[in-house]
Amino acid sequence: MILLFITLSYFVQTNLDFFERLISDNFLGLVIYIVLNIIGIVLAPVTVIPLIIVVTGIWGWVIAGIVTWVAWVLGAIIAFWIARRFGVPIVGKFISLKELYKFEDRFSFISKFWGVVFLRMVIPVEILSYGLGLFSRINFWKYTFASALGLLPVSFLFGYFGEIPFTYQIIIGLCVLIAILVMMIFQEIRQRQHC
């Protein structure tokens, strides 16, 4: 996700005039930004994350964080509702719901409030929203509040990250990737020592 953000960030920064006109310095621009983010979540392969840079440039990172948070929470709720309302009955025609929920039973933290808060911080909004809507029995309100709490620091982080020059974004992104790789290698070594 960080790599995608950096790549698309470069695209947005090189075409800044177009995006600044789209999300102009007024309330309607913020509404357009929120709607584009919701569409980007509901239509999962589409992403508008790099627009955070434009909103940050126009309104500052605090406003960018707030409107991004609102958009992501609304998008997460809609995606979850679509998966729960329409996805579960469709999938239920092909496999039993008991089989469907075995995934949740294996990973019990998925349906726990703090488990969802943590997952919200590390998994893209659309993937987790549709995934929990389909494969879990989590209560709608527990999901909503956990999502809102988990997305709060991430949205402000992306807002702040949008103010950082592109070169530094690449350096930070590489550092994060290296840290993740080191943690994965360390975890693999620990697992082999316990076997």
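The values are calculated or read from the model by the stated rules, or taken from the named source; none is laboratory data. From a predicted model like this one, the values you see are computed outputs, not experimental measurements. With ideal geometry, Cβ positions are generated from the backbone for all residues, glycine too; neighbour counts draw on all protein chains shown.
For the range 105-131, filtering for residues that are surrounded by 18 or more Cβ atoms within 10 Å (Cβ to Cβ) and either touching a Leu at 6+ places or on another chain (Cβ under 8 Å) or modelled with pLDDT under 70 (or both) leaves 8.
Quick one: PHE19 ticks every box in (1) surrounded by fewer than 20 Cβ atoms within 10 Å (Cβ to Cβ); (2) of a type outside the set (Val, Ile, Thr); (3) assigned to a helix (DSSP H, G or I); (4) at pLDDT below 75 except a single one, so which number is it? Result: PHE19 fails condition (1) only.
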